[in-house]
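Notes follow the structure.
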């Protein structure tokens with residue numbers, strides 16, 4: 001048996017069977033590989049080091065206080081691999097040095113490696129259909145030689161999750177030893193620059209000794225973070241989404257034009273009042289409006305943006321959506337009852353978006369039900385600030401004509 005980058009090769013019936021067994025790499029061995037990587041680039045690394053935070057997780061930490069603009073890494077360009085996703089994948093396969101040996105031994109956190117049982121437990125989540133689509137797209141890139149699918153997926157996932165995007169189109173990337181050990185944060189404390197001679201990583205904030213250094217992988221929903229990076233982001237509600245189906249109640253179908261829209265529509269619900277959220281709110285506002293008619297019915301939700309016409313119109317919109325979101329939430333909890341571990345971790349982000357809106361709509365319902373304008377204004381300030389209460393409800397409450 002021979003260990004090769006988290007895999008072993010064994011002979012069976014004179015054929016080589018390659019099996020990915022990264023989950024069984026000894027933690028001590030992986031720790032030694034990381035130490036070797038740091039030693040290799042020691043003269044280019046400043047005030048920081050890689051530390052294991054668990055048997056499978058690691059990050060870069062300050063070894064002393066770091067000030068703004070302090071250089072953390074200044075790596076000669078010849079140590080940086082550049083190319084497309086596919087180019088870097090095949091190059092990484094052939095690489096055997098301290099960098100390649102320090103890479104994660106397993107990528108089972110990526111959905112394309114999840115078992116059929118794990119994927120099946122995502123019933124009710126749009127991610128369930130996204131996973132096979134993502135896997136098929138990646139495997140279609142494996143056009144050189146006869147590389148086994150599992151091996152290609154392993155290296156392609158490493159490249160996709162670790163490479164720095166060099167150009168605006170995203171077609172050219174860079175694999176940078178040490179720098180790609182930094183974890184993601186929505187509030188990063190470092191920034192990087194790639195020039196002709198160097199890759200330079202600098203601090204953008206004061207970082208105390210033993211604190212972790214963070215990069216930003218860009219604004220991501222948890223669908224993107226999970227599919228592309230194999231992680232679920234914390235405190236990401238404002239950027240997050242869930243894809244759901246809205247069954248238009250019979251009582252709202254008088255304004256529906258079935259040649260344009262069906263009685264069930266798919267919508268994108270965001271953690272913030274933006275994008276798909278404004279679209280589904282706009283549709284229900286139209287359907288509940290006294291001025292609506294089948295002739296004026298929109299042909300799709302895409303780009304739909306209808307402001308509330310009256311306090312009464314928004315109250316009905318709020319009531320209908322709160323009922324719908326609560327029903328979707330309750331059904332999803334049942335469908336996801338078998339999800340465990342990393343699958344459940346992701347599923348929880350979808351449930352969080354739905355629960356957020358059920359909570360906010362209950363607050364909006366309370367405020368809109370208050371008959372006195374002054375009391376309604378005070379009621380808004382009782383609740384934690386959010387964009388819907390500020391952008392929509394507060395405007396309605398501030399209009400004197402909405403109150404007798």
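The values are calculated or read from the model by the stated rules, or taken from the named source; none is laboratory data. Note that the structure is a prediction, hence the values are computed from the model and not measured. Methodologically, a virtual Cβ is constructed for each residue, glycine included, from the backbone with ideal geometry; neighbour enumeration extends over all protein chains shown.
Some points to look at:
- Test: residue in region 180-199 that is modelled with pLDDT under 95, out of contact with any helix residue (DSSP H, G or I) (no Cβ under 9 Å at 6 or more places or on another chain) and at positive phi: no
- Residue 295 being free of Cβ contacts under 8 Å to residues at least 60 places away in the same chain, in a helix (DSSP H, G or I), surrounded by fewer than 18 Cβ atoms within 10 Å (Cβ to Cβ) and under 17 Å from the mean Cα position of the chain (by Cα): no
- Residue 322 vs. criteria modelled with pLDDT of 95 or more and assigned to a helix (DSSP H, G or I): yes
- For region 352-393, filtered to residues that are in a helix (DSSP H, G or I), touching a residue at least 60 places away in the same chain (Cβ under 8 Å) and in contact with a helix residue (DSSP H, G or I) (Cβ under 8 Å, 6 or more places away or on another chain), the residue that is surrounded by the fewest Cβ atoms within 10 Å (Cβ to Cβ) is 352.
- Any chance residue 138 is within 30 Å of residue 169 (Cβ to Cβ), touching a helix residue (DSSP H, G or I) at 6+ places or on another chain (Cβ under 7 Å) and either at pLDDT below 95 or assigned by TED's automatic domain parsing to the domain that holds residue 267 (or both): no
- Index of the failed condition, residue 276 passing every other in (1) surrounded by 19 or more Cβ atoms within 10 Å (Cβ to Cβ); (2) farther than 18 Å from residue 328 by Cβ; (3) assigned by TED's automatic domain parsing to the domain that holds residue 331: (2)
- Pairs linking a residue in region 155-174 that is without any contact (Cβ under 8 Å) to a residue 12 or more places away in the chain to a residue that is part of a strand (DSSP E or B), with Cβ atoms under 7 Å and 6 or more positions apart or on different chains, are 165/173.
- Test: residue 304 is out of contact with any strand residue (DSSP E or B) (no Cβ under 7 Å at 6 or more places or on another chain), in the same structural domain as residue 328 (by TED's automatic domain parsing) and over 26 Å from residue 128 (Cα atoms): yes
- Close pairs (7 angstrom Cβ cut-off, 6 or more residues apart or separate chains): modelled with pLDDT of 95 or more in region 102-118, buried (at least 19 other Cβ atoms within 10 Å of the Cβ) and assigned to a loop (DSSP other than H, G, I, E, B) anywhere: 110/230; 113/107
- Annotation for region 246-258: no member residue is at pLDDT 95 or above, in contact with a helix residue (DSSP H, G or I) (Cβ under 7 Å, 6 or more places away or on another chain), closer than 30 Å to residue 187 by Cβ and outside any loop (DSSP other than H, G, I, E, B).
- The listed residue being touching a strand residue (DSSP E or B) at 6+ places or on another chain (Cβ under 6 Å), farther than 30 Å from residue 68 by Cα, assigned by TED's automatic domain parsing to the domain that holds residue 93 and not in a loop (DSSP other than H, G, I, E, B), out of 157, 150, 129, 133: 150
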